[in-house]
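Take a look at the structure below.
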Amino acid sequence: MSDLAATILIGVFGLAVGSFLNVCIYRLPLGQSLAWPSSRCTSCSTPLRWYDNVPLMSYLVLRGRCRNCKASISVMYPLVEVVTAIAFMVGYRLFGPQPLLVERLLFACAMIVLFVIDLQHRILPNVITLPGLVVGFLFNLFLPPGWLDSLIGLIAGGGVLLLLAEAYYRIRKEEGLGMGDVKMLAMIGAFLGWKLMLVTLVLSSFLGSVIGLGMIALKLGDMKYALPFGTFLAIGALVASVAGDAILGWYLSFY
């Protein structure tokens with residue numbers, strides 16, 4: 001099989017995985033089972049036929065509306081599927097068919113789910129972050145950057161945000177970061193190691209600052225407006241997972 005055909009095939013597989021991620025995004029905050037009941041319209045609860053549940057294509061054919069009740073279907077559904085497909089194709093092109101690819105794709109899926117859930121609900125479910133701590137560390141018993149970097153990343157990732165959250169609370173007398181952010185960065189450190197965890201923290205903090213200042217400038221919020229930091233952590237982590245080493249190399253070239 002040619003590289004192009006393999007890339008397209010894994011992209012199609014990514015669309016299917018993205019469809020499952022949509023189930024996770026919708027049901028996890030509600031505490032619902034991921035396996036039962038079958039997929040159904042969120043407006044009229046009509047079970048979806050198989051041909052109305054084809055990733056991306058069904059949304060396009062139905063023009064973004066339920067076949068039964070004509071309620072609008074959130075554009076987030078096809079976006080998640082497309083982003084997941086792109087992540088799978090980029091991952092395959094960067095890492096090739098090796099065990100590291102499995103780890104990075106699993107990590108990307110977790111980041112996509114956490115991004116959307118935190119954006120919509122301002123929560124980061126323990127059912128993802130806590131098992132992610134263990135899974136990330138176990139992968140790194142056999143894969144780079146290795147178990148020691150993973151362990152340091154896990155401890156430092158959680159510790160850095162925990163200290164920042166405590167300092168913010170003592171200075172401002174209000175919570176600035178939630179424990180979900182702490183556990184999420186610890187999970188990122190477990191998967192990527194301490195160096196790329198730091199890259200993630202810098203990137204996400206910079207992005208959050210730019211967005212926050214932009215919202216203030218546009219009068220869409222003020223200094224006390226709570227931005228969902230997990231969404232920025234997810235973006236920073238995805239960038240770090242594919243380009244973190246290059247970013248580190250570029251930064252260190254100045255010294």
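The values are calculated or read from the model by the stated rules, or taken from the named source; none is laboratory data. From a predicted model like this one, the values you see are computed outputs, not experimental measurements. Cβ: placed from backbone, ideal geometry, glycine included. Neighbour counts: every protein chain shown.
Which of the residues that make up the range 76-100 are touching a Gly at 6+ places or on another chain (Cβ under 6 Å) and either surrounded by fewer than 22 Cβ atoms within 10 Å (Cβ to Cβ) or among the acidic types (Asp, Glu) (or both)? Explain how you work it out, then say what you get.
We begin by selecting, within the range 76-100, every residue touching a Gly at 6+ places or on another chain (Cβ under 6 Å); these are 80-81, 84-85, 88-89.
Within the range 76-100, Glu81, Met89 meet the criteria.
Just checking, which of Ser45, Ser38 is loosely packed, with under 14 Cβ neighbours inside 10 Å, touching a strand residue (DSSP E or B) at 6+ places or on another chain (Cβ under 9 Å) and hydroxyl-bearing (Ser, Thr, Tyr)? Before you say what the answer is, go through the steps one by one.
Numbers: Ser45 fails: touching a strand residue (DSSP E or B) at 6+ places or on another chain (Cβ under 9 Å).
Selected residue: Ser38, the only one of Ser45, Ser38 that is loosely packed, with under 14 Cβ neighbours inside 10 Å, touching a strand residue (DSSP E or B) at 6+ places or on another chain (Cβ under 9 Å) and hydroxyl-bearing (Ser, Thr, Tyr).
How many residues are closer than 25 Å to Met89 by Cα and over 15 Å from the mean Cα position of the chain (by Cα) when one looks only at the range 2-49? Spell out how you get there, then give the answer.
Let us first name the residues in the range 2-49 that are closer than 25 Å to Met89 by Cα, namely 2-26.
If we keep only those that are over 15 Å from the mean Cα position of the chain (by Cα) too, we end up with 2-13, 15-16.
So the answer is 14.
Within the range 83-137, which residues are of a type in the set (Gly, Ala, Ser) and either assigned by TED's automatic domain parsing to the domain that holds Val23 or farther than 19 Å from Ala16 by Cβ (or both)?
Narrowing the range 83-137 to residues of a type in the set (Gly, Ala, Ser): 85, 87, 91, 96, 108, 110, 132, 136.
Those that are of a type in the set (Gly, Ala, Ser) and either assigned by TED's automatic domain parsing to the domain that holds Val23 or farther than 19 Å from Ala16 by Cβ (or both): Ala85, Ala87, Gly91, Gly96, Gly132, Gly136.
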- Task: Spot the failing condition for Ala190; the list is (1) under 14 Å from the mean Cα position of the chain (by Cα); (2) assigned by TED's automatic domain parsing to the domain that holds Tyr251; (3) modelled with pLDDT of 95 or more; (4) of a type outside the set (Asp, Glu), and only one is missed.
- Result: (1)
- Task: Would you be able to say whether some residue in the range 78-98 is farther than 30 Å from Gly193 by Cβ and either assigned to a loop (DSSP other than H, G, I, E, B) or small (Gly, Ala, Ser) (or both)?
- Result: no
- If you check every pair at least six apart or on different chains, which have Cβ atoms under 7 Å apart with a residue in the range 108-137 that is aromatic (Phe, Trp, Tyr) first and a residue that is crowded, with 23+ Cβ neighbours inside 10 Å second? Phe115/Thr231; Phe115/Ala234; Phe137/Ser150; Phe137/Leu154; Phe137/Ala190
- Glu174 passes all but one of (1) of a type in the set (Asp, Glu); (2) surrounded by fewer than 16 Cβ atoms within 10 Å (Cβ to Cβ); (3) modelled with pLDDT of 95 or more; which number fails? (3)
- Query: Give me the pairs: first residue in the range 191-220 and of a type in the set (S, T, N, Q), second residue modelled with pLDDT of 90 or more, beta-carbon distance under 6 Å, and six or more apart or on different chains, which are they?
  - Reply: Thr200/Ile188; Thr200/Gly236; Thr200/Ala237; Thr200/Ala240; Ser204/Phe232; Ser204/Leu233; Ser204/Gly236
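Among the candidates Pro125, Pro145, which residue alone is under 17 Å from Pro99 (Cβ atoms) and touching a helix residue (DSSP H, G or I) at 6+ places or on another chain (Cβ under 9 Å)? Working first, answer last.
Values: Pro125 fails: under 17 Å from Pro99 (Cβ atoms).
Result of the check over Pro125, Pro145: Pro145.
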